1. Take the chain, connect every pair of alpha-carbon atoms lying under 10 Å apart with a spring to form a Gaussian network, then pick out the residue of 220, 125, 179 with the largest mean-square fluctuation.
2. Pairs of alpha-carbon atoms within less than 8 angstrom and 6+ residues apart define the contacts here; what relative contact order does the chain have, in percent?
3. Considering only DSSP beta bridges with both partners in the chain, what is the antiparallel share in %, to the nearest 5?
4. Run lengths n ≥ 4 of DSSP H only: what is the helix-derived mean residue ellipticity at 222 nm for the chain, with -39500 (n - 2.57) per run over all residues, to the nearest 500?
5. If we sort 80-86, 65-71 on the protection proxy, mean other Cβ atoms within 10 Å, highest first, what's the order?
6. Sort 126, 215 so that the residue with the fewest other Cβ atoms within 10 Å of its own Cβ comes first and the one with the most comes last.
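Readers should treat all values here as calculations from the given coordinates under stated rules, not as data from a laboratory. Model, not experiment: these values are computed from the prediction. Positions of Cβ are backbone-derived with ideal geometry, glycine not excepted, and every protein chain shown enters the neighbour counts.
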């Protein structure tokens, strides 16, 4: 069986083709779908096995990154809730993470209540570079299973600082090991160095780094070293496709 992947787009989404390509390479059947196609009823979320929110700058990051897309998603909330509750894999990369946080789906579905966000980097400007990440082996996240203790992925964001509303919310995240990925050297000021969080079931992950940009060894800037090991990003997609099968 080849799982069907819905790769959601919006105005100014710009990593959709790479994300679809990564799933295709791992044996899935991706389809690029604009949010307006869902709103019109032309496409249905529940017809797919995997969902991906790719990176980019949806709607120009107007108001705040991912906010307008999240507002549009609110009209289809029941379908998105059902998709996640069914245990189907969902990944939000960069802008996709911002969307999932602002819809309230991460770190846990709280209806329309948002408890986390991705805020302006402490440095005050856009940052694009490769970063080292620590993988939380105790996390229930299905996307990070089998990854080494430390990996490298590229980031490219201006609003990547992960914050939550209070200490209790952060305790709930760390207490259940929902912080699937943390920065070895925090590039944006995220609370507790958090780079990615998942839900308690482990099937919904949001992360600021871009695994689709580390799919082949030659994409790594240190090519001789990278050639000795599989590209770290590839396993995120392989895990999702294998799980959906």
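1. Highest fluctuation among the options: 125.
2. 20 percent
3. 60 percent
4. Counting only the DSSP helices, I get -7000 deg cm²/dmol.
5. Highest to lowest by the protection proxy: 65-71, 80-86.
6. 126, 215
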